[in-house]
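Some notes on the structure that comes next.
Just so you know, all these numbers are worked out from the coordinates, no wet-lab data involved. Quick caveat, the model's predicted, so the values are computed rather than measured. Please note: Cβ atoms are built from the backbone with ideal geometry, for glycine as well, and neighbour counts cover all protein chains shown.
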Amino acid sequence: MKEFEYNVLPSRVIFGSGSVKKLPDEIKRLNVSRPLLLSTPGKSNYTNQLSDILQAASIAVAGTFPHAKQHTPASVTEEATAVLNSIEADCVVSIGGGSVVGLGKAVSIRTGVPHISIPTTYSGSEMTPILGETQDGKKTTRSDPKILPAVVIYDADFTMTLPPAICSTSGINAIAHAVEALYAKNANPITSMLALEGIKALAESLPQIVLDPKSRSPRDQALYGAWLCGTVLGSSSMGLHHKLCHVLGGSFSLPHAETHTIVLPHALSYNAPAIPEQMAKLAIVLPGSNGDALTGLELLLEKLQVPRALKDFGMKESDIDKATEIATGNQYPNPRELEPEWIRELIRRAWAGEAPK
Ligand code: NAD
């Protein structure tokens with residue numbers, strides 16, 4: 001076995017249907033009492049449910065802020081921080097997808113108040129010490145263990161309303177974290193085991209969610225898979241796939257999970273010749289692979305009927321060159337050397353919705 005280093009990130013996870021009822025205990029355990037509840041617009045049903053649970057436990061909600069946006073714009077964070085200070089809230093509770101988790105992280109790292117996260121998509125952000133923020137159309141990312149939420153409550157009951165189409169793209173977003181963890185520069189047997197288990201759980205459960213959106217057990221299994229994929233995202237260096245999605249999302253305002261879903265087969269196909277061992281392991285956990293992970297991934301994407309072309313989300317053909325330039329502009333760890341001409345072709349195919357090369 002090769003030498004390796006493994007850093008365990010501090011995180012407390014409460015998992016299970018109905019576990020949101022443990023929120024008051026978690027707030028008390030952190031020695032705080034005045035939560036600010038964060039959500040994306042239109043999700044007041046979530047914050048109302050949390051308010052009821054907290055009030056029943058004699059915890060008064062200090063306020064709500066339902067304005068989280070994708071890619072964590074700095075202006076929204078400043079607004080939320082001003083609200084937190086004005087109402088003297090002493091902790092934040094984020095409920096929703098990666099957008100609101102990002103806002104919770106951004107407010108917590110600026111103010112020092114603890115953050116409890118209740119994720120309702122599979123983005124995995126809640127398990128990472130990474131915060132990506134946008135200002136003036138540019139996305140910057142920083143990493144600090146203090147960015148990690150103090151507690152994460154995974155309650156699949158809150159994912160029952162997540163439409164199968166969002167489950168699918170969000171689930172592929174999670175799978176992408178685990179795929180890149182398999183060939184990360186700092187990959188190790190523990191992260192690889194978690195990554196493969198996470199991919200297996202999602203590859204099995206996502207098609208079941210599409211077939212029967214009301215069934216509870218695949219929702220549980222998908223959230224479990226997303227947790228594991230988020231965990232490896234938090235402790236592994238990411239390569240070409242995440243770099244491309246970061247550039248496309250941050251510079252061209254493309255939607256996060258859909259972009260990951262469209263780019264993943266292209267990025268994996270590009271790296272495949274350099275990672276035969278990882279491809280073989282991946283094939284084992286992707287149903288219907290017949291020993292070929294790219295076939296297994298394609299089959300999964302077909303079953304989920306996910307979008308396949310970046311042009312359908314507003315990216316212009318003229319953006320391809322700029323995206324190539326930014327994505328190949330600086331070095332980052334990737335198993336296959338970045339060849340600008342091939343990266344351009346990769347982006348062009350993803351833009352057009354063509355099959356990977
Ligand atoms: P999102 O949070 O924007 O959610 C997508 C949509 O799903 C939204 O309209 C939301 O309101 C809706 N939604 C969420 N939960 C729902 C539910 N249970 N029922 C019905 N609708 C629901 O998108 P996302 O893909 O979860 O997260 C994307 C954001 O997360 C991006 O800003 C991305 O940069 C960030 N992210 C960060 C990290 C990290 O480690 N820092 C990792 C992954 C994603």
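Structural remarks
- Principal semi-axes in Å for the chain [√(5λ), Cα gyration tensor, largest first]: 33, 22, 19
- Amide H contacts under 5 Å for F15, placed H, 5+ residues apart: Y154
- Sum of -39500 (n - 2.57) over DSSP H runs of 4+, divided by residues of the chain (222 nm, nearest 500): -16500 deg cm²/dmol
- FRET E, pair S217, K22, Förster distance 30 Å, beta-carbon r, rounded to 0.05: 0.90
- Of the DSSP H helices in the chain, those with a Cα length along their own long axis of 20 Å or more and a mean Kyte-Doolittle hydropathy reaching 1.0 comprise 189-211.
- Charge context of N334, other residues only, Cβ under 13 angstrom, K/R +1, D/E -1: 0
- Average Cα contact separation per residue, the chain, under 8 Å, 6 or more apart, as relative contact order %: 15
- Footprinting exposure proxy for C229, C245 (fewest neighbouring C-beta atoms within 10 Å first): C245, C229
- Shape class of the stretch 184-314 from the Cα gyration tensor (axes a ≥ b ≥ c, square roots of the eigenvalues): rounded, since a/c falls below 1.5.
- Contact order relative to length of the stretch 1-130, as percent, for alpha carbon pairs under 8 angstrom and 6 or more apart: 23
- In this structure, the pairs whose alpha-carbon distance is over 29 Å, taken from K185/K322; K138/K214; K22/K138; K28/K214, are K138/K214; K22/K138; K28/K214.
- Relative contact order for the stretch 201-317: 24 percent, from Cα pairs under 8 Å spaced at least 6 residues apart, divided by residue count.
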